[in-house]
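**Q** The structure is given below, and queries will be raised subsequently.
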Amino acid sequence: MGSQGGFYQSKEFLDLVKSIGEARSKAEEDRIVLNEIETLKRRISEPDIPKRKMKEYIIRLVYIEMLGHDASFGYIHAVKMTHDDSLLVKRTGYLAVTLFLNEDHDLIILIVNTIQKDLKSDNYLVVCAALNAVCKLINEETIPAVLPQAMELLAHPKEAVRKKAIMALHRFYQKSPSSVSHLVSNFRKRLCDNDPGVMGATLCPLFELIARDVNSYKDLVISFVSILKQVAERRLSKAYDYHQMPAPFIQIKLLKILALLGSGDKQASENMYTVVGDIFRKCDSSSNIGNAVLYECICCVSSIYPNPKLLESAADVISRFLKSDSHNLKYMGIDALGRLIKISPEIAEQHQLAVIDCLEDPDDTLKRKTFELLYKMTKSTNVEVIVDRMIDYMISINDNHYKTEIASRCVELAEQFAPSNQWFIQTMNRVFEHAGDLVNIKVAHNLMRLIAEGFGEDDDNADTKLRSSAVESYLRILGEPKLPSVFLQVICWVLGEYGTADGMFSASDITGKLCDVAEAYSNDETVKAYATTALMKIYAFEIAARRKVDMLPECQSLMEELLASHSTDLQQRAYELQAVIGLDAHAVACIMPSDASCEDIEVDRDLSFLNDYIQEAIEKGAQPYIPESERSGMLNISNFRNQDHHEASSHGLRFEAYELPKPAVQSRIPQTLIASTEIVPVPEPMYPRESYQTTMPSIPSDAGSAELKLRLEGVQKKWGRSTYTPATSTSNSTSQKTVNGTSQGDGASTVSSMRETYDSRKPQVEVSHEKQKLAASLFGGSSKTEKSPATGHKAAKASSHVVEKSHVPKSSLEVASEKATPAQQPPDLLDLGEPTATSTALQLDPFKQLEGLLDATEVASAVNGAPAASRSPDIMALYADTAAGIHNKNDADLLSGLSNPSVTNMPGTTAMPQVTQSSSKGPNPKDSLEKDALVRQMGVNPSSQNPNLFKDLLG
Amino acid sequence: MGIRFILMVNKQGQTRLAQYYEWLTLEERRALEGEIVRKCLARNEQQCSFVEHRNYKIVYRRYASLFFLVGVDNDENELAILEFIHLLVEAMDRHFGNVCELDIMFHLEKAHFMLEEMVMNGCIVETSKANILTPVQLLEKTS
């Protein structure tokens, strides 16, 4: 351990670390930690503990919490340590409190004072330590206590302090935007800081600000573009280079910002085309970091106003990603493809086989990403294949979080693109059967509505068929054990409404099944309630049709059970059923009209039908009704009661009037809008949303009506009618029709065009038949070799075109931007790096320059940064050698080599296990000897229980 | 926000360093670490270095026996995070000299100090190794 300094560690600490390091199991580790807690509890409150010792205790506390145990007994000592004069002790104290405490902890108030003092310190490292703590510990209430000092530090002479002060301001903005709203201009100012570190850090808060309010920052486009240009041209200090890339992390952040600023803004986007194009060309596609930048370029290109040339470059990179052997690159490629198909949907076709490979890959991450892509490219021609695959996958996984997500996506796609009613019902059945308890109840309501209304075509016959097939499939499914509650509710409702409608099944068939359901799921009151109401409907329809009603014995016993149920809801339903059965055909037909679930309900809000009755009562001497507002003397009581009602209204009877049914118009407009503008319409979020009422106009489709419907559900329970559908739903069904109609129209035309292309090509490459079939169904045609050379040719031609042309516009644009930049920015930004060296280099071909750099020794020293040559054949140098070796290979090899981290960057566990032992510890021989001696003296050695502890991470 | 947490965990699933950029209680941390470590350790080297977990992603990379796990938001550039991990390891390697798991254990606070320079408020704020290491070296000298 090279320079010990204040980092001195006692034998006790080393022993602790050693035993934790060698613990073989979690249980053993827990034992060690519990023991340590006991020791520390005793020791830490002893008087007069030396500073160093205390610092060590605090780090031991950090260990305790890191390993999952409570160390709150020692928090106060960490707080005390922040007061210390010694910088190292102080910083360790700050570190510990930021790890231990959240911003609302009571102890924070004791630290704020120290932070205030430290922010004023002459030692910039103390100021930095305090600013670190500010970023972690200050909450909305304590912001004013440190804000003035933190703002003064924005002009501190030390760049490290300015950088951290900017991040403190960023934190304040995150915690309470209003408290610093007058200070956000500082972010703009710091963007022009002459230290690249401060500038780079400032991009983080600016990104957030721009994401919230793009329009206020459009004026910065030129600045961002100019900074990005300078970074890409290596005008930043070499210290920011990473694997021969100039400041890649800053480039990525800038590209993210440009993507926001250029989105839907042609003028802003045009300023970006040149620089993004330059990066596409210059970027080292053989390294991970180069590909990371390229990926960000694609994200940017697909977000800003489209430019054909850039789209082509993006498509080229995507195809390289997808062809790579590295799963990481494939993943990025699939993601990028998902972004690009929004703009140019045709590029998906040339990658169809690669996409299918990813879909069938055993790697779950890749598979999910691919499903995401398929979700984005679903249309009516491929919906069946895609949804089928999605459901298969959904059934195969256990992760409920993802299962829910994919289930709601299936439902969404099925609702949007269903080619036939039959298919729709079958698909929904599968989703409900396997993920019924995970999907939102609204999906079930939608399904019931769809079955009730049909698909909107004015063809009653089709609707009847749909219902019959639903009934048939449900009767079959009821045979399965353990169905989800939501699904059973749908089944009961449909059987009640339409079970006997087409005459295929008799009333006793259906009622028998319904009784079975009520019996089999006797713990589920909601299902039982649905079943009871369904029974009532079946009997009512029988009575209305003047057929003789024989109640099945099991049905009678069910009723007896329910009449005595603890649930008043079930009891009421049972009594209602009893009452209905006792009525004559005419009365029943009025109460329970057959197939009336879609009828509009007109609510007589004045209850005028009671007028005669009231008149009669008043004539007989009854007191007339006095409206609540006119009742004097009882005001308080009535108010009180009113409140009471409000509270109860969610689950009881409502006494105040319903709102006017406005949403009928509102919900229709956004829906049609959505259908026409969005490429991937998301008609209905599947998660419960709290904000229906406030955001109603903006929520697409029938959120509004669903909300109404849900409320009526409550009423329906009370009044024993489950057939009410809100009036708005009719308008919904018509717009649904337009959605379906248009998409189907599109589908038909794509089918025919796809057919043509499909027929005109003959397969030449050996691809498994099944895959081709899948490809054809997904993409509407398989990619044939005949086509790929064609596109390749086109691409080649186009890219040569780009190269030819690029020289001219580049130089002219350079002039243009040089003209523009001095006006926009203070000169200091232009002096970021070593301008003399780079400006001459600029004249050279950047690729030539790169090649020159790729000399093996140079690369080695560049990668190491440190004096690698002085180190005898250690692993780091070996690593650099392999990296350099790979750099020199040709393009194709480069990709497969470097892009796979397991090959190059991860040390093979088998490679040189002996050399990695402690003999090579330390940056130089002397250090390594010291290090080795120390660990041996403690009894930690490579041959002991956990030799892994000694393995060089960089191998 | 970007980065939600950075974890170093060894092959046996033992935590060697944990830094969270959003507050989680001790129990939540424990549960999360158990869950994601199990997920990541179960994967092989051919598979992606990315795992989706609930509503965010984990980017991980293995060095010898030590796994570096970084939890990021869904819109983060995974490849860049992967290289960020490597940058962190390079920085530690430059400081410790052939850094190994034990170096991080013995000098937990130094590893944290380096991270504090690199990441603030869940954002990558510094990527120059010199700037990352200078404060740590000055700390060593002054004390």
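**Q** Need a quick list: helices (runs of 4 or more DSSP H) entirely within the stretch A:505-580 having at least 3 residues that are under 19 Å from A:Val494 (Cα atoms).
**A** A:507-520, A:525-544
**Q** A further question follows. It is to be established whether one or more residues within the stretch B:25-38 are more than 7 Å from chain A (Cβ to nearest Cβ), over 14 Å from the mean Cα position of the chain (by Cα) and part of a loop (DSSP other than H, G, I, E, B).
**A** Taking every residue of the stretch B:25-38 in turn, at least one turns out to be more than 7 Å from chain A (Cβ to nearest Cβ), over 14 Å from the mean Cα position of the chain (by Cα) and part of a loop (DSSP other than H, G, I, E, B).
**Q** Within the stretch B:83-102, can one find any residue that is over 16 Å from the mean Cα position of the chain (by Cα), of a type in the set (A, V, I, L, M, F, W, C), over 23 Å from A:Cys204 (Cα atoms) and buried (at least 24 other Cβ atoms within 10 Å of the Cβ)?
**A** yes
**Q** Only one of A:Leu16, A:Leu95, A:Leu99 is buried (at least 17 other Cβ atoms within 10 Å of the Cβ), at pLDDT below 95 and at the interface with another protein chain (Cβ under 10 Å from one of its Cβ atoms). Can you tell me which?
**A** A:Leu16
Let's see how each residue does on (1) surrounded by fewer than 20 Cβ atoms within 10 Å (Cβ to Cβ); (2) touching a residue at least 40 places away in the same chain (Cβ under 8 Å):
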| position | (1), (2) |
| --- | --- |
| A:Gly290 | no, yes |
| A:Cys299 | no, yes |
| A:Ile304 | no, yes |
| A:Pro308 | yes, no |
| A:Asp325 | yes, yes |
| A:Lys330 | no, no |
| A:Ala336 | no, yes |
| A:Glu346 | yes, no |
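**Q** Given the condition surrounded by fewer than 15 Cβ atoms within 10 Å (Cβ to Cβ), facing another protein chain (nearest Cβ under 9 Å) and over 34 Å from the mean Cα position of the chain (by Cα), answer yes or no: does some residue in the stretch A:120-130 qualify?
**A** Among the residues of the stretch A:120-130, at least one is surrounded by fewer than 15 Cβ atoms within 10 Å (Cβ to Cβ), facing another protein chain (nearest Cβ under 9 Å) and over 34 Å from the mean Cα position of the chain (by Cα), which makes the answer yes.
**Q** Another question about this same structure. Residue by residue through the stretch B:62-83, note down the ones that are farther than 22 Å from B:Asn121 by Cα and either in contact with a strand residue (DSSP E or B) (Cβ under 6 Å, 6 or more places away or on another chain) or not hydroxyl-bearing (Ser, Thr, Tyr) (or both).
**A** Selection gives B:Arg62, B:Ala64, B:Ser65, B:Leu66, B:Phe67.
**Q** If you don't mind, another one. In the stretch A:258-270, is there at least one residue being farther than 17 Å from A:Cys204 by Cβ, hydroxyl-bearing (Ser, Thr, Tyr) and out of contact with any strand residue (DSSP E or B) (no Cβ under 7 Å at 6 or more places or on another chain)?
**A** no
**Q** Among the residues in the stretch A:615-634, are any surrounded by 10 or more Cβ atoms within 10 Å (Cβ to Cβ), at pLDDT below 65, among the hydrophobic types (A, V, I, L, M, F, W, C) and more than 30 Å from A:Tyr539 (Cα to Cα)?
**A** Yes, because at least one residue in the stretch A:615-634 is surrounded by 10 or more Cβ atoms within 10 Å (Cβ to Cβ), at pLDDT below 65, among the hydrophobic types (A, V, I, L, M, F, W, C) and more than 30 Å from A:Tyr539 (Cα to Cα).
**Q** Got a number for residues in the stretch B:63-74 being in a strand (DSSP E or B) and either facing another protein chain (nearest Cβ under 10 Å) or among the polar types (S, T, N, Q) (or both)?
**A** Number of matching residues: 3.
**Q** Looking at the stretch B:44-52, is at least one residue more than 7 Å from chain A (Cβ to nearest Cβ) and touching a residue at least 12 places away in the same chain (Cβ under 8 Å)?
**A** Looking through the stretch B:44-52, none of the residues is more than 7 Å from chain A (Cβ to nearest Cβ) and touching a residue at least 12 places away in the same chain (Cβ under 8 Å).
**Q** Return yes or no: is A:Ser319 in a loop (DSSP other than H, G, I, E, B) and either away from chain B (no Cβ under 14 Å) or free of Cβ contacts under 8 Å to residues at least 12 places away in the same chain (or both)?
**A** For A:Ser319, the condition - in a loop (DSSP other than H, G, I, E, B) and either away from chain B (no Cβ under 14 Å) or free of Cβ contacts under 8 Å to residues at least 12 places away in the same chain (or both) - is not met.
**Q** Within the stretch A:341-363, count every residue that is assigned to a helix (DSSP H, G or I) and β-branched (Val, Ile, Thr).
**A** 3
**Q** What are the pairs with Cβ atoms under 8 angstrom where one residue, in the stretch A:502-519, is polar (S, T, N, Q) and the other, located anywhere, is loosely packed, with under 14 Cβ neighbours inside 10 Å? Sequence gap at least six, or different chains.
**A** Qualifying pairs under 8 Å: A:Ser508/A:Asp550.
**Q** Here is a follow-up. Yes or no: the stretch B:107-128 includes at least one residue that is farther than 20 Å from A:Leu954 by Cβ, touching a helix residue (DSSP H, G or I) at 6+ places or on another chain (Cβ under 6 Å) and hydroxyl-bearing (Ser, Thr, Tyr).
**A** no
**Q** Out of the residues in the stretch B:2-16 that are within 11 Å of another protein chain (Cβ to nearest Cβ) and among the basic types (Lys, Arg), which is nearest to B:Met114 (Cα to Cα)?
**A** Checking each candidate, the answer is B:Arg16.
**Q** Next up: Surrounded by 21 or more Cβ atoms within 10 Å (Cβ to Cβ), among the polar types (S, T, N, Q) and within 14 Å of chain B (Cβ to nearest Cβ): is that true of A:Thr365 in this structure?
**A** Yes, satisfied.
**Q** Among the numbered conditions (1) part of a helix (DSSP H, G or I); (2) without any contact (Cβ under 8 Å) to a residue 60 or more places away in the chain, tell me where A:Leu438 comes up short.
**A** (1)
**Q** Which residue is nearest to the chain's Cα centre (by Cα), if the candidates are limited to the stretch A:514-548 and must be over 14 Å from A:Leu483 (Cα atoms) and of a type in the set (D, E, K, R)?
**A** The residue in question is A:Glu525.
**Q** Take B:Asn77 and decide whether it is buried (at least 24 other Cβ atoms within 10 Å of the Cβ), within 9 Å of chain A (Cβ to nearest Cβ) and at positive phi.
**A** no
**Q** For the stretch A:135-200, which helices (runs of 4 or more DSSP H) that fit wholly inside it have 3 or more residues that are in contact with a Lys or Arg (Cβ under 9 Å, 6 or more places away or on another chain) and within 10 Å of chain B (Cβ to nearest Cβ)?
**A** A:159-175
**Q** Contact list please: Cβ distance under 6 Å, first residue in the stretch A:589-606 and under 14 Å from A:Ala545 (Cβ atoms), second residue aliphatic (A, V, I, L, M), pairs at least six apart or on different chains.
**A** Correct list of pairs: A:Ala589/A:Ala544; A:Met592/A:Ala540.
**Q** How do the helices (runs of 4 or more DSSP H) wholly within the stretch B:92-143 filter down when requiring 3 or more residues that are within 7 Å of chain A (Cβ to nearest Cβ) and without any contact (Cβ under 8 Å) to a residue 24 or more places away in the chain: which remain?
**A** The helices (runs of 4 or more DSSP H) meeting that bar are B:129-142.
**Q** Further question on the same structure: Need the failing condition index for B:Tyr60 against (1) more than 7 Å from every other protein chain (Cβ to nearest Cβ); (2) outside any helix (DSSP H, G or I); (3) more than 30 Å from A:Arg368 (Cα to Cα), just the number.
**A** Unmet for B:Tyr60, out of (1) more than 7 Å from every other protein chain (Cβ to nearest Cβ); (2) outside any helix (DSSP H, G or I); (3) more than 30 Å from A:Arg368 (Cα to Cα): (3).
**Q** A follow-up question, please. What are the pairs with Cβ atoms under 6 angstrom where one residue, in the stretch A:574-588, is closer than 12 Å to A:Ala540 by Cβ and the other, located anywhere, is among the aromatic types (Phe, Trp, Tyr)? Sequence gap at least six, or different chains.
**A** Going by the 6 Å Cβ cut-off, the qualifying pairs are A:Ile581/A:Tyr539.
**Q** Does the stretch A:59-70 contain any residue that is in a loop (DSSP other than H, G, I, E, B) and surrounded by 21 or more Cβ atoms within 10 Å (Cβ to Cβ)?
**A** yes
**Q** Among the residues of the stretch B:103-143, write down those that are within 21 Å of A:Lys11 (Cα to Cα) and either under 15 Å from the mean Cα position of the chain (by Cα) or not hydrophobic (A, V, I, L, M, F, W, C) (or both).
**A** Selection gives B:Asp103, B:Ile104, B:Met105, B:His107, B:Leu108, B:Glu109, B:Lys110, B:Ala111, B:Glu140, B:Ser143.
The values are calculated or read from the model by the stated rules, or taken from the named source; none is laboratory data. This one's a predicted model, so the numbers in the text were calculated from it and none came from an experiment. For neighbour counting, all protein chains shown are included, and Cβ atoms are generated from backbone atoms with ideal geometry for every residue, glycine included.
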